[in-house]
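The values are calculated or read from the model by the stated rules, or taken from the named source; none is laboratory data. As the structure is a computational prediction, the values presented were derived from the model and not from experiment. Using ideal geometry, Cβ is built from the backbone for each residue, glycine included, and neighbour counts are taken over all protein chains shown. All accessible areas refer to the heavy atoms of the entire protein, side chains included, with ligands and DNA or RNA removed. Shrake-Rupley method; radii C 1.70, N 1.55, O 1.52, S 1.80 Å.
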Amino acid sequence: EWMLALILSTTSLGVVLPVLKEKNLSDTIFGQTVLMSALMADFLTMLLISLLATYLEGGLNIEMLLVLFLFVALAILYRTGILIRKSRRIGKVVAELSSATAQIRLRTCLALLVGFIVLAEMLNSEMILGAFFAGIVISLVSEGPEGKIEKELEAFGFSFFIPIFFILVGVGFDIGELTSSDEALLLVPILLIGAFIVKFVPVLFFRFFFTWKETIAAGSLLSARLSLIIAASIIALELELITPAVNSAIILVAIITVTIAPIMFAYLMPNLAKEEE
């Protein structure tokens with residue numbers, strides 16, 4: 001099934017980036033290549049899931065092309081952000097309003113997030129695609145090597161949004177449905193094997209540029225799934241493409257991969273990380 005294939009194609013950029021940063025590899029050629037691979041996998045998967053969901057809900061129609069307006073909004077906001085950054089007067093005002101109670105940068109980022117989510121819903125796309133586009137805009141126009149706004153968003157997200165998301169995931173994880181379904185229990189090891197295969201096979205192209213150890217390490221890290229696979233599974237559940245038992249099996253696979261993958265990467269890369277320091 002196409003949706004299940006897309007679900008397994010997901011990666012967790014939210015896991016890949018922190019792990020690479022911890023190993024001091026995020027600024028290396030290897031780290032940037034892994035990040036780009038994770039970014040493209042997440043972006044293409046979300047785009048295809050959004051298009052597939054639109055198709056399944058209304059068939060092949062002009063509404064599927066409405067997602068292109070997200071790209072138009074992305075381009076307009078990117079150009080606007082660049083112009084604002086070049087204006088010294090506006091930059092001075094923004095800098096003054098970025099501290100204390102105003103927190104204009106953080107509020108602007110949250111407004112972008114809400115705006116893109118609403119736009120995605122209006123265009124019959126998925127909310128996760130809109131949120132991803134908001135993140136791209138913020139990344140492209142944010143100032144600085146210091147990554148101040150990124151740290152503020154991380155603090156806000158990890159302390160508020162992400163815990164709520166995983167509380168809801170825990171509520172939706174029906175272990176009773178999983179254990180009562182022999183089909184779903186059998187599906188867990190199959191999905192787990194497939195989850196690693198779909199990442200390790202494409203990542204063999206890394207071998208043309210990196211060592212075998214780096215290639216295997218990249219495959220293991222890219223095999224980590226977390227928020228996106230769960231969001232994709234929920235979409236499939238809402239579309240009645242999978243059963244609650246299969247949804248719980250996918251969540252369990254996500255938990256296993258996000259636990260095993262960083263451990264495998266840390267085992268393979270510690271010496272290489274020290275050489276980069």
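Structure above, values below:
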quantity: In Å², nearest 10: area of Asp182 left accessible to a 1.4 Å probe; calculated: 120
quantity: Relative contact order computed over segment 162-277 (Cα-Cα under 8 Å; 6+ residues apart), in percent; calculated: 35
quantity: Heavy-atom accessible area order for Leu48, Leu178, Leu17, largest first, 1.4 Å probe; calculated: Leu48, Leu17, Leu178
quantity: Gain in span if fully extended, Ala5 to Ile197, counting 0.36 nm per residue against the direct Cα distance; calculated: 67.9 nm
quantity: Extension gain, Leu66 back to Arg107 (0.36 nm per residue minus Cα-Cα distance, nm); calculated: 12.0 nm
quantity: Surface accessible to a 1.4 Å probe, Met46 within the full protein complex, Å²; calculated: 10
quantity: Theoretical FRET efficiency, 1/(1+(r/R0)^6), r = Cβ-Cβ of Phe208 and Val118, R0 35 Å, to 0.05; calculated: 0.20
